1. Surrounded by 12 or more Cβ atoms within 10 Å (Cβ to Cβ) and of a type outside the set (A, V, I, L, M): is that true of P122 in this structure?
2. In the stretch 67-100, how many are in a helix (DSSP H, G or I), of a type in the set (V, I, T) and touching a residue at least 12 places away in the same chain (Cβ under 8 Å)?
3. Give me a count of the residues in the stretch 20-47 that are within 21 Å of H97 (Cα to Cα), acidic (D, E) and not in a loop (DSSP other than H, G, I, E, B).
4. Which of the residues belonging to the stretch 7-42 are surrounded by fewer than 17 Cβ atoms within 10 Å (Cβ to Cβ), touching a helix residue (DSSP H, G or I) at 6+ places or on another chain (Cβ under 8 Å) and modelled with pLDDT of 90 or more?
5. Quick one: in the stretch 50-65, which of the residues that are in contact with a helix residue (DSSP H, G or I) (Cβ under 6 Å, 6 or more places away or on another chain) and outside any loop (DSSP other than H, G, I, E, B) is farthest from F110 (Cα to Cα)?
6. So the check is Cβ under 8 Å with 6+ separation or different chains; which pairs have a first residue in the stretch 40-55 that's touching a residue at least 40 places away in the same chain (Cβ under 8 Å) and a second one that's of a type in the set (V, I, T) and in a helix (DSSP H, G or I)?
Amino acid sequence: MYAQIVFIIRKRLKMGMNVMGSISDLFTPAPQQYELRGNKRLWDVLCEIFEKVPMPNDGESLIELIHAELERQTGISTEAYIAAKDASFDNRDFWVHLPHLDTGGMSGGFIILPWWEQIAIPLLVSRFAEV
């Protein structure tokens, strides 16, 4: 992880760019497991969108930006994501099918809200704290 961050910083310095970069820098490397295929597709979509968004000043602002974009991309309220924070991945009440993310397969287009609150967002915040 540290080597990846140093690489990004050096690359940005050589190009005369902001060292802090964009939020999309936090999306690399990608998680090893996504639980359902829609989570992977949504991860990729957010990474692309956040290429244009500069790194915020603090972790709380980062979480707010992620929640806002999740809501924009899925139509699911931030409150629903937060309510899923302690839910089991097996609780299908928190599985949502998003046709625009469906690339086929049995779980294509499905996301699991708890995965975002328990895995994805904490991962991004921990990477932010390391930068």
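1. It is true that P122 is surrounded by 12 or more Cβ atoms within 10 Å (Cβ to Cβ) and of a type outside the set (A, V, I, L, M).
2. So in the stretch 67-100, the residues in a helix (DSSP H, G or I) come out as 67-74, 78-83, 92-94, 99-100.
Still in the list and also of a type in the set (V, I, T): 74, 78, 82.
Within this subset, residues satisfying the condition of being touching a residue at least 12 places away in the same chain (Cβ under 8 Å) are 74, 82.
Of the residues in that region, 2 qualify.
3. Matching residues across the stretch 20-47 total 1.
4. The answer is S24, T28, P29, A30, P31.
5. Step by step, filter the stretch 50-65, then rank; the result is G59.
6. As it stands, the answer is L42/T74; M55/I23, since those pairs meet every condition given.
So that you can scan it fast, the table gives a plain yes or no per residue for (1) over 16 Å from R37 (Cα atoms); (2) at pLDDT 90 or above; (3) more than 18 Å from the chain's Cα centre (by Cα); (4) among the small types (G, A, S):
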| site | (1), (2), (3), (4) |
| --- | --- |
| G75 | yes, yes, no, yes |
| E79 | yes, yes, no, no |
| D90 | no, yes, yes, no |
| P99 | no, yes, yes, no |
| G104 | no, no, yes, yes |
| I111 | no, yes, no, no |
| W115 | no, yes, no, no |
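The values are calculated or read from the model by the stated rules, or taken from the named source; none is laboratory data. Being a predicted model, the structure only gives us computed values, none of them experimental. Cβ: placed from backbone, ideal geometry, glycine included. Neighbour counts: every protein chain shown.
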